[in-house]
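What follows is calculated from the coordinates using simple rules that are stated; it is not laboratory data. Every value quoted in this text rests on a predicted model; they were computed, and no experiment measured them. Glycine also receives a Cβ, built like all others from the backbone with ideal geometry; neighbour counts cover every protein chain displayed.
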Amino acid sequence: MVEQFLINNDDFYVPDANLLITEDDTPVDNFASEKQQRLLVSSLYSSLQGQTFLAAANVGVYYTDLQPPIVPDVFLSLDAQVPKNWWEKQNRCYMVWRFGKPPEVAIEIVSNKEGDELGKKLGIYEHMRVSYYIVYDPTQQLGQVLRVYELRGRRYFETTETWLEQVGLGLTLWQGQFEGREDVWLRWCYEDGVVVPTGDERASQAEYRASQAENRAFQAEHRAQLLAERLRAIGIDPDIL
């Protein structure tokens, strides 16, 4: 009975986390999906520094105590963060009633036709009122590489717009290398289309800027030396100048 499943907390009822299955240790992903998930999550934590958000891969989201959790491949929740003691039962997964809202973005990566991403999962995310539901289908199992669903009122509407206005980020398909693997990747991007960089990319960019600065300094010193030599050639001491 529901009364046995709920506990009283300051005059309102919340599900008892001790009775929920927060993890089952079942391996479900392939190499490509796992790497794609890591790219989407790690790039946010590498680049959106100073912002409060929670991004995770393969973490259960409980939206009701009457149903098992749904486990998005990736989700993003703004203005949320993992509680300090994340080993406590009630803090191990995303319980909507504890965070006070559903995630803003849920992403499913299609690897076969068994996941029902366009049926049952779409209905669950719509019921949860997740602002954006993304279906990434790199091998076109369901016929289209990228689908974006936006919540309008109580219903999802498919859109060709990949800029997610409510979260201030977009999504784009990007050809390049991630962790030594050349492929087409789904990536977060800024409004101008520039991808949100990973930690390695940020380090490479910083190294490149430092190298450019060093090169400019060397060129400036070289020009100063040439000028000094010309001044001496016409009888002017550059040190006095």
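At a glance:
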item	result
Residue, surrounded by the most Cβ atoms within 10 Å (Cβ to Cβ), within segment 73-87, restricted to residues that are touching a helix residue (DSSP H, G or I) at 6+ places or on another chain (Cβ under 8 Å) and assigned to a loop (DSSP other than H, G, I, E, B)	Asp73
Residue check, Val184 exposed (fewer than 13 other Cβ atoms within 10 Å of the Cβ) and assigned to a strand (DSSP E or B)	yes
Hey, Glu179 of a type in the set (Asp, Glu) and over 19 Å from the mean Cα position of the chain (by Cα) or not	no
From Glu158, Glu108, Glu150, residue being in contact with a helix residue (DSSP H, G or I) (Cβ under 9 Å, 6 or more places away or on another chain) and in a strand (DSSP E or B)	Glu108
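Rundown of residues vs (1) among the aromatic types (Phe, Trp, Tyr); (2) without any contact (Cβ under 8 Å) to a residue 12 or more places away in the chain, yes/no style:
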position	(1), (2)
Leu122	no, no
Tyr136	yes, no
Gln140	no, yes
Gln144	no, yes
Tyr149	yes, no
Leu164	no, no
Thr172	no, no
